[in-house]
Every structure is written in structure tokens, then in C-alpha cells.
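The values are calculated or read from the model by the stated rules, or taken from the named source; none is laboratory data. None of the values given here were measured: they were computed from a predicted structure. Here Cβ is always computed from backbone atoms with ideal geometry, including for glycine, and neighbour counts include all displayed protein chains. Accessible surface is based on the protein model in full, side chains and every heavy atom, while ligands, DNA and RNA are left aside. Shrake-Rupley method; radii C 1.70, N 1.55, O 1.52, S 1.80 Å.
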Amino acid sequence: NAVPVICIDGPSASGKGTLAAHVAKQLGFHVLDSGALYRVAGVAARQRGLDIAPEHAPALADVARSLQLVFDGERVLLDGRDVAAAMRSDAGSRDASLISAIPAVRDALLQWQRERAALPGLVADGRDMGTVVFPDAPLKVFLTASAEHRAERRYKQLISQGFDVKLASLREELEARDLRDTTRAVAPLKPAVDAKVLDNSDLSVAEATEQVLQWWRQAY
Ligand code: C5P
């Protein structure tokens with residue numbers, strides 16, 4: 001696989017998506033927001049009236065395998081309908097975390113993610129980009145920030161998008177999601193052994209981007 005891939009993994013609201021977008025822009029690379037995939041899978045399951053529980057794994061995996069998905073700027077079209085708001089809501093976050101813990105669902109989405117690797121390169125963000133999806137990637141970054149910083153960022157983001165949310169409950173939900181993501185049996189959130197850990201609690205986006213680009217120049 002000659003396509004260069006930069007993996008950015010880390011907990012919820014650590015700034016992976018923003019960092020991935022900036023790094024990709026600098027390098028002219030494609031972007032894979034793998035969290036969006038699990039979010040859309042959750043929305044699709046709900047639309048089909050499915051309960052997101054392990055006993056429905058086969059049906060949920062079918063849903064994941066047959067997603068008809070188009071990323072169009074801010075819009076995310078599922079079967080032609082924009083589901084961006086639903087997937088970014090609190091319920092959407094919870095459903096994504098629940099459906100992503102089901103191994104058959106993860107398997108169903110693996111190939112599609114790998115196929116996003118195209119020249120001149122890809123920046124992939126998520127939880128298991130470096131550990132499972134692109135284990136041979138020349139640069140793996142594990143991006144963290146304190147729970148306080150992350151909750152505050154997500155809060156500002158959601159408020160600016162017009163969502164009515166509370167900081168305290170947001171932080172609780174975030175920590176519950178982190179716990180579920182780090183303790184699940186399949187593809188748990190953890191740094192790859194060869195990942196570079198970056199804590200951006202006190203870094204600007206420009207500073208974090210510069211650090212990743214510097215690592216990239218060294219690695220590739
Ligand atoms: O990154 P984002 O917050 O949008 O991801 C939503 C949820 O999808 C995460 O809480 C996690 O449970 C799941 N996820 C995952 N593996 C990925 C990306 C996201 O399990 N690579």
C-alpha cells in the first residue's frame with residue numbers, strides 16, 4: 001500500500017476532526033472522519049426501527065454494510081436525506097458509541113474505510129485508525145486533552161450550531177462515552193504502540209497542526 005496515511009486517534013472532542021482537516025489542507029490530502037460513519041450507522045439503524053443492542057448484531061451489520069452515504073461539505077446524505085443534525089445530536093453520539101461496540105458492525109465498515117486511502121494521501125481520524133484500520137501508517141498521532149477542555153469545546157461547538165445543551169451533562173456524557181470506548185472488547189480506544197501522543201489542552205490549532213507536520217516530515 002503506497003498511499004501515505006496519517007492516523008489521528010483519541011477520545012471524544014479532543015479536536016481530531018479540526019486537526020485532521022488542517023493537516024489535510026496543508027498536505028492536499030483526503031480526509032476520513034470515521035466517527036461520522038458510526039454516527040450515520042446509528043441514525044440508519046434507528047430509521048429502520050432497530051434497537052441498538054448486541055442481540056441485533058446481524059441486522060445492524062446489514063445496515064452498516066448497505067449504507068448509501070454521501071459527504072457533501074457540511075451535509076451528510078443518507079439515502080438522499082441530510083442527517084447531519086441527527087448524527088451530531090446527543091442521542092446520535094450515544095447511538096454511535098453503542099453501535100460501534102458491536103464487532104460485526106466494525107467488520108462491515110472496515111473495507112470501506114480502507115478504500116478511502118487514495119493518492120496523494122489520507123488523514124484519517126477516529127479511535128482505531130492506527131491500531132486496526134491502518135496499522136502500517138507511517139504516522140500515528142494519539143490526540144488528547146483534559147475532559148474539562150474537551151467538554152468545553154464540544155459545548156461551544158454545539159451551542160454555535162443552535163443546540164440547547166448543558167455543560168455539566170455534556171461532560172458526563174463525554175466521560176461515559178470515553179469509558180465505553182476504552183473498555184470495549186473490540187478495537188478499544190488506546191494509543192497504537194508506535195503512536196505519538198499529543199496533548200492539545202493548551203495548544204492552538206495552528207500549533208498542533210505544525211507539530212503533526214513536523215512529525216510527518218520526519219516520518220515520511
Ligand atoms: O469521533 P466521533 O465522536 O464522531 O465518534 C462517535 C463514536 O463513534 C465514538 O464515541 C466511538 O464510539 C465511535 N467510533 C469508533 N471508532 C472510530 C470512530 C468512532 O468506535 N474509528
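Summary of computed values
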{"read-out": "Accessible area (Å², per residue) of the chain, counting only protein heavy atoms and a probe of 1.4 Å", "value": "49 Å²"}
{"read-out": "Under 16 Å from residue 196, Cα to Cα: lysines that are on another chain or at least 8 residues apart", "value": "16, 140"}
{"read-out": "About the Cα centre, charge dipole magnitude for the chain (Lys/Arg +1, Asp/Glu -1 at Cβ), debye", "value": "160 debye"}
{"read-out": "For region 83-186, Kirkwood radius (reciprocal of mean inverse C-alpha pair distance, Å)", "value": "15.5 Å"}
{"read-out": "Mean shadow area of the chain over all directions, Cα convex hull, nm²", "value": "11.5 nm²"}
{"read-out": "Where a label projected 7 Å from the Cα of residue 146 along Cα→Cβ would reach, residues of region 188-218 with amide N under 16 Å", "value": "199-204"}
{"read-out": "Additional length obtainable on full extension of the chain from residue 214 to residue 157, 0.36 nm per residue less Cα span", "value": "17.7 nm"}
{"read-out": "Percent accessible area from carbon and sulfur atoms, region 1-96, protein chains only, probe 1.4 Å", "value": "50 percent"}
{"read-out": "Length-normalised contact order of the chain in % [C-alpha pairs under 8 Å, at least 6 apart]", "value": "33 percent"}
{"read-out": "Mean Cβ neighbour count within 10 Å, used as a protection proxy, ranking 37-48, 174-185, 148-159 highest first", "value": "37-48, 148-159, 174-185"}
{"read-out": "Chain lengthening between residue 119 and residue 167 when straightened (0.36 nm per residue, less Cα-Cα)", "value": "13.2 nm"}
{"read-out": "DSSP beta bridge pairing in the chain, given as percent antiparallel to the nearest 5", "value": "25 percent"}
